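Here the structure comes first, spelled out in structure tokens, and everything after it is commentary.
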Amino acid sequence: MPLTLHRVTKAFGGLVAVNQVSFSVRPGTIHGLIGPNGAGKTTLFSLITGFYKPTSGRVELDGVDITSLSTSARALKGLVRTFQGTMLFPDQTVGENVENGMLATIRPRLLDWLVETSGTKAMKCAQTDEILEFAQLSNLRHAKARDLSHGQQRVLGIAIALAARPRVLLLDEPFTGMTAGEKDRLVEMLERIRQSGTTVILVEHDMRTVMRLCDVITVLNFGKVLTEGTPEEVRRHPEVMAAYLGTSL
Ligand SMILES: Nc1ncnc2c1ncn2[C@@H]1O[C@H](COP(=O)(O)OP(=O)(O)OP(=O)(O)O)[C@@H](O)[C@H]1O
Ligand SMILES: [Mg+2]
């Protein structure tokens, strides 16, 4: 199991946002994390990637306790997230934004990176080419990030995360605000990410997409795990339907 949570809890004052959550993510899968607004999904991402330290419990990667590691140390180990809102440098080009993403993994060679030689420049360029092609953004390489459509900006956010060479990629509502066509293209891209061997944890409210993509789904409600199973098992679970009553499942 690359990533395992053991009874992870996070309290904000009196509010227990994540409450004794335990689950494992199998390598090479797309693992869905769903639940109503405020269920604790984004907080759990922050606990997995080190933005928050848990009040109690632990996070393990490959059987090693990483609970006390910083976000950058976890990124070097391959845990990389995107944010619920789009986080880009709007005045930089698409290509420059992707290059920024590489910084997360080249800390030990930061000086080489900053004092740019022709060798490092060529390497950056080749990696950027590869990622832009993968994300189908090559034709927008020299466009300013701010000039992209909302959907293209969301895809660029994922391309920046891919530049850090994640082993486990955590995506927080990547489909928000996308058109049907953009959603189809992103579904196909996430399938290619899975094929490449990268594990994905997907937080998403769009149930059709979640059911289509995920191998396993963990359902959170009020900070606790309500159930876990295949899309079919989760869809038929009576408490899941009750938790989502009034929303589209
Ligand atoms: N920094 C914080 N300080 C205090 N309370 C917080 C903080 N972050 C989150 N919370 C609270 O913790 C609970 C879980 O929030 P979280 O953002 O993790 O939910 P979520 O499942 O991601 O919801 P959504 O689907 O709306 O994004 C909510 O009640 C929220 O108000
Ligand atoms: Mg959230």
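The values are calculated or read from the model by the stated rules, or taken from the named source; none is laboratory data. Since the structure is predicted, the reported quantities are computational estimates derived from the model, not experimental observations. Glycine gets a Cβ as well: all are built from the backbone with ideal geometry, and neighbour counts include every protein chain shown. Keep in mind that these areas ignore ligands, DNA and RNA; they rest on the heavy atoms of the full protein, side chains included. Shrake-Rupley method; radii C 1.70, N 1.55, O 1.52, S 1.80 Å.
For beta carbons closer than 6 Å, sequence separation of 6+ or different chains, a first residue in segment 207-222 that is part of a loop (DSSP other than H, G, I, E, B) and a second that is within 16 Å of ligand 2 (Cβ to nearest atom), the qualifying pairs are 214/32. For residue 183, state whether it is farther than 25 Å from residue 207 by Cβ and open to solvent by 40 Å² or more (accessible area, probe 1.4 Å). When the stated conditions are applied, residue 183 does not pass them. Among the residues of segment 90-127, those that are at pLDDT below 70 and open to solvent by less than 50 Å² (accessible area, probe 1.4 Å) comprise 104, 105, 106, 113. Being touching a Phe, Trp or Tyr at 6+ places or on another chain (Cβ under 9 Å), modelled with pLDDT under 95 and either closer than 25 Å to residue 211 by Cα or not basic (Lys, Arg) (or both) is a property that residue 4 lacks. Taken over segment 49-89, the criterion of being within 28 Å of residue 140 (Cβ to Cβ) and open to solvent by 60 Å² or more (accessible area, probe 1.4 Å) is satisfied by 83, 84, 87, 89.
Among the residues of segment 51-102, just one is hydrophobic (A, V, I, L, M, F, W, C), free of Cβ contacts under 8 Å to residues at least 40 places away in the same chain and touching a strand residue (DSSP E or B) at 6+ places or on another chain (Cβ under 6 Å), namely 66. Tallying residues that are within 10 Å of ligand 2 (Cβ to nearest atom) and polar (S, T, N, Q) within segment 23-45 yields 3. When every residue of segment 28-35 is checked against the conditions, at least one turns out to be small (Gly, Ala, Ser), away from ligand 1 (no atom under 11 Å from the Cβ) and closer than 24 Å to residue 211 by Cα. Number of residues in segment 165-190 that are touching a residue at least 24 places away in the same chain (Cβ under 8 Å) and either within 20 Å of residue 29 (Cβ to Cβ) or part of a helix (DSSP H, G or I) (or both): the value is 18. Candidates 11, 17: the one that is in contact (Cβ under 8 Å) with a residue 60 or more places away in the chain, within 12 Å of ligand 1 (Cβ to nearest atom) and among the small types (Gly, Ala, Ser) is 17.
Screening residue 224 against (1) touching a Ser or Thr at 6+ places or on another chain (Cβ under 9 Å); (2) within 13 Å of ligand 1 (Cβ to nearest atom) leaves a single unmet condition, (1). Checking the structure you have, find out if any residue of segment 27-34 is closer than 19 Å to residue 76 by Cα, among the hydroxyl-bearing types (Ser, Thr, Tyr) and in contact with a helix residue (DSSP H, G or I) (Cβ under 9 Å, 6 or more places away or on another chain). Scanning segment 27-34, I find no residue that is closer than 19 Å to residue 76 by Cα, among the hydroxyl-bearing types (Ser, Thr, Tyr) and in contact with a helix residue (DSSP H, G or I) (Cβ under 9 Å, 6 or more places away or on another chain), so the answer is no.
Given the structure, is residue 20 closer than 26 Å to residue 192 by Cβ, more than 18 Å from the chain's Cα centre (by Cα) and either away from ligand 2 (no atom under 16 Å from the Cβ) or of a type in the set (Ser, Thr, Tyr) (or both)? Taking the combined requirement at face value, the residue does not satisfy it. The condition (being more than 16 Å from ligand 2 (Cβ to nearest atom), among the β-branched types (Val, Ile, Thr) and under 18 Å from residue 165 (Cα atoms)) is satisfied by just one residue among 71, 49, 93, 82: 71.
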